[in-house]
Amino acid sequence: LILLDITMHEMDGFDVCEKLKADRLTKDIPVIFISVLDDPETKIKGFSMGGVDFITKPFQSGEVLARVKMHLKLRNMQKRLQEQNICLQQEIAQRKRIEQALWKSKESLAEAQKIARIGNWEWELTTDDIFWSDELYRIFDLDPQETTPSFEAFLSRVHPDDKEYVRNGMGDFLKYCKPLNNHA
């Protein structure tokens, strides 16, 4: 924080403030103007030059100290906010990279399933949401716009000889968390 008098010998405080605000190393340092000049035009000019406060002489040292402490707190909060903003921007960029990688992976899986002529389905038991891959719809000869994925819809497409096995296996899995075993 800089306490800056407006009336000085070689250059006035406004010129000094202008130079400080033009330099990238000092532009964010809070400037409090101190002056015997107390007309509104001088105060407005001080704020427009980048000053954060204006104290008129003669001043009370307790008031100056309180204002300095408050502006230092504000500056520290501003710095923390800027740091958090940078971290947030980095996190967003990282999430975008992850999202792009996931989409690439999803596209690759869909292409591999199409080539291999296999599909997959997922069942989120906590929400009862079911997802079918595009290839599974194709294998079942179903339109994704007209078919709601469900276990029963899946089971209706299983070969009749395997339906009981799949139904019992899913029941065992749901009841005991026991995975389905392949049968010969």
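The values are calculated or read from the model by the stated rules, or taken from the named source; none is laboratory data. As the structure is a computational prediction, the values presented were derived from the model and not from experiment. Virtual Cβ from ideal backbone geometry, glycine too; neighbours counted across all protein chains shown. For the accessible areas, the whole protein counts, side chains as well, though only heavy atoms, and no ligand, DNA or RNA atoms are used. Shrake-Rupley method; radii C 1.70, N 1.55, O 1.52, S 1.80 Å.
Among (1) -0.44, -1.16, -1.35; (2) -0.50, -1.05, -1.17; (3) -0.62, -1.13, -1.24, only one was calculated for this model; which label is it, if the read-out is log10 I(q)/I(0) by the Debye sum over Cα atoms at q = 0.10, 0.17, 0.19 Å⁻¹? Correct label, based on the coordinates given: (3). Here is the link list: K19/K79; K73/K96; K21/K96. Which ones come out longer than 31 Å on Cα distance? With Cα atoms farther than 31 Å apart: K73/K96; K21/K96.
Taking the 1.4 Å solvent-accessible surface of the range 26-184 as the whole, the part contributed by carbon and sulfur is 55%. The string of couplings for the range 163-177 from the Karplus curve (6.51, -1.76, 1.60, θ = phi - 60°) is 4, 4, 4, 5, 4, 5, x, 5, x, 4, 4, 5, 7, 10, 6 Hz, one whole number per residue in order, with x for Gly and Pro. Beta bridges per DSSP, both residues in the chain: antiparallel share near 35 percent. Taking all protein chains into account, the per residue accessible area for the chain stands at 75 Å² (1.4 Å probe).
Under 27 Å Cα-Cα from K175, which lysines qualify once same-chain neighbours fewer than 8 residues away are excluded? Straight-line reach from K175, under 27 Å: K163.
The modelled label-to-label distance between D12 and T127, using points 7 Å beyond Cα along the C-beta direction, is 6.4 nm. A P(r) calculated from all alpha carbon pairs of the range 107-161, with 5 Å bins opening at zero, reads 4, 18, 28, 23, 19, 6, 1 percent.
A cut-off of 5 Å between modelled amide H atoms, ignoring neighbours fewer than 5 places along the same chain, links D5 with I34. At an R0 of 35 angstrom, the distance between the Cβ atoms of L102 and Q78 translates into a FRET efficiency of 0.45. Highest GNM mean-square fluctuation among T126, T26, T42, for the chain modelled with Cα contacts below 10 Å: T126. For the range 99-165, the set of GluC sites (Glu not before Pro) satisfying both a DSSP loop assignment and a count of at most 10 other C-beta atoms within 10 Å is given as E146. As a ratio to 2.2 N^0.38 Å, the alpha-carbon radius of gyration for the range 69-175 is 1.83.
Longest exposed-loop-site-free stretch of the chain, with trypsin sites (Lys or Arg not before Pro), DSSP loop and at most 11 other Cβ within 10 Å? Present the calculation step by step, with values, prior to reporting the outcome.
Values: sites that count: R24, K27, R117.
Looking at the chain, 28-116 is the longest stretch - no exposed trypsin sites (Lys or Arg not before Pro) with at most 11 other Cβ atoms within 10 Å.
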